[in-house]
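To start, the structure under review is shown below, and the notes come after it.
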Amino acid sequence: MKIRTTATAALLAASALAALAPSQAFAAPQAPPCTKKNIAYLDAQNHHEDAEAKVTAAEQALDRAKADRAKADRLAELGEALDNALTRDGSDRARSVAYKIHPEQYVLAQAVWKHDAVASADAAVKLADATEKELKDQGAQNTLGGNRAGEYVKVLRADAEKARSATEAPNVEARQADLDAARTELTKAAKAVRPARDTYRDCLDKLVN
């Protein structure tokens with residue numbers, strides 16, 4: 001448990017008063033010789049613990065941002081899989097569908113590239129709608145590529161709703177920078193503990209010896 005500096009100072013002052021002889025009880029309290037060094041050591045420990053907590057929080061924030069970005073990136077992957085299912089089919093009807101839905105494919109790719117979760121979700125739904133319409137208009141539902149495309153459309157709709165709330169998707173780089181800064185601060189804080197402890201220990205040794 002961390003002991004904050006103010007509380008520590010009060011505790012040490014109280015201990016000093018208790019140790020005074022009765023004739024000195026009403027004299028102005030004098031802090032023990034190593035009080036400041038002890039407080040400096042406790043401060044260093046507190047700073048180290050605070051820095052550790054910041055690193056943990058930064059790691060969690062980065063994980064959330066990466067998870068959100070993965071949800072948006074998934075939509076682009078599904079869009080590409082949908083296109084491949086249609087273009088690799090030998091049917092001219094399926095290929096015609098792929099050609100017709102190309103504008104929606106492009107809009108989705110751009111939204112995902114910008115890491116815009118809402119725009120990516122909207123574009124994915126529009127792509128799904130366009131694909132279903134073109135499959136029907138071209139009579140390609142029962143082709144091999146059309147069947148596969150129909151399955152991808154279902155997944156695309158479901159994953160679009162998952163991605164819609166992925167608001168941290170644009171922030172991966174910023175969260176990584178926050179984590180790097182927190183780790184740097186932790187390294188400095190950790191290095192400061194030992195010298196402060198050694199200084200306090202040396203002071204106590206001089207008092208004893």
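The values are calculated or read from the model by the stated rules, or taken from the named source; none is laboratory data. Please read these numbers as outputs of a predicted model, since none were measured by experiment. We place every Cβ from the backbone using ideal geometry, glycine too, and count neighbours over all the protein chains shown. When the accessible area is computed, the model is the full protein with side chains, heavy atoms only, and any ligands, DNA or RNA have been set aside. Shrake-Rupley method; radii C 1.70, N 1.55, O 1.52, S 1.80 Å.
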Pick from segment 51-75, criterion open to solvent by 50 Å² or more (accessible area, probe 1.4 Å) and over 10 Å from the mean Cα position of the chain (by Cα), ranking: farthest from Ala177 (Cα to Cα): Arg74
Pairs, first acidic (Asp, Glu) in segment 90-114, second open to solvent by 70 Å² or more (accessible area, probe 1.4 Å) and assigned to a helix (DSSP H, G or I), C-beta under 7 Å, six or more apart: Glu104/Lys126
Subset tally (residues that are part of a helix (DSSP H, G or I) and either within 30 Å of Lys126 (Cβ to Cβ) or open to solvent by 70 Å² or more (accessible area, probe 1.4 Å) (or both)) for segment 164-183: 11
Lone qualifier among Glu185, Glu168 - being closer than 23 Å to Val118 by Cβ and at pLDDT 95 or above: Glu168
Residue in segment 128-145 that is within 34 Å of the chain's Cα centre (by Cα), within 30 Å of Pro32 (Cα to Cα) and modelled with pLDDT of 95 or more present: no
Residues located in segment 115-149, provided they are in contact (Cβ under 8 Å) with a residue 40 or more places away in the chain, under 21 Å from Ala163 (Cβ atoms) and either open to solvent by less than 10 Å² (accessible area, probe 1.4 Å) or of a type in the set (A, V, I, L, M) (or both): Ala117, Val118, Ser120, Ala121, Ala123, Ala124, Leu127, Thr131, Ala149
In segment 150-163, residue least open to solvent (accessible area, probe 1.4 Å) [restricted to those that are farther than 22 Å from Arg93 by Cβ and not hydrophobic (A, V, I, L, M, F, W, C)]: Asp159
